[in-house]
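The structure appears right after this line, and notes come after that.
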Amino acid sequence: MHLSDRDFTPELIFQATRSSGPGGQNVNKVSSKVELRFNIWSSVLLDGQEKEIIAGKLANKINKEGELVLAAQTDRSQLKNKEKVIKKFYQLLEKALIPPKIRYKTKPTKASVEKRLESKRSHSTIKAGRKEPDL
């Protein structure tokens with residue numbers, strides 16, 4: 001089940017404020033910046049493991065109350081900014097919940113080992129040639 005299948009809207013809190021973005025005189029009159037707040041720990045749609053993962057990976061976007069805070073202010077329209085911040089929210093959660101790829105150890109090839117050792121030998125002879133001769 002994907003996150004986009006879950007309906008988070010009852011748990012999301014939106015707040016509109018004056019934007020610092022484009023809009024001319026419109027900026028001074030209309031609250032077009034939209035801020036989304038989502039309390040991770042009180043969510044019923046996420047299980048405990050998902051909450052832990054999100055809290056760890058998105059720690060810099062979570063405030064002391066445990067709320068994930070996102071904002072959008074690029075458009076002049078409050079509705080467009082709200083749509084953008086919701087899209088941003090789902091993308092962020094999807095990305096955070098993707099499990100990391102398992103890294104398998106690999107051995108260096110015989111040729112690469114030989115090349116490295118040869119490089120070390122040549123470097124050593126160059127340095128040895130800098131020494132003063134023994135008298």
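The values are calculated or read from the model by the stated rules, or taken from the named source; none is laboratory data. The model shown is predicted, which means the values in this text are computed figures rather than measured ones. For neighbour counting, all protein chains shown are included, and Cβ atoms are generated from backbone atoms with ideal geometry for every residue, glycine included.
When GLU83 is tested against (1) under 19 Å from PHE14 (Cβ atoms); (2) buried (at least 16 other Cβ atoms within 10 Å of the Cβ), exactly one condition is not met: (2). Number of residues in segment 86-103 that are within 21 Å of PRO10 (Cβ to Cβ) and more than 13 Å from the chain's Cα centre (by Cα): the value is 2.
For segment 3-24, filtered to residues that are assigned to a helix (DSSP H, G or I) and among the hydroxyl-bearing types (Ser, Thr, Tyr), the residue that is modelled with the highest pLDDT is THR9. Residues being small (Gly, Ala, Ser), closer than 14 Å to VAL34 by Cα and not in a loop (DSSP other than H, G, I, E, B): count how many of those fall in segment 44-89. The number of residues fulfilling the criteria is 2. Scanning segment 100-115 turns up one or more residues that are in a loop (DSSP other than H, G, I, E, B) and hydrophobic (A, V, I, L, M, F, W, C).
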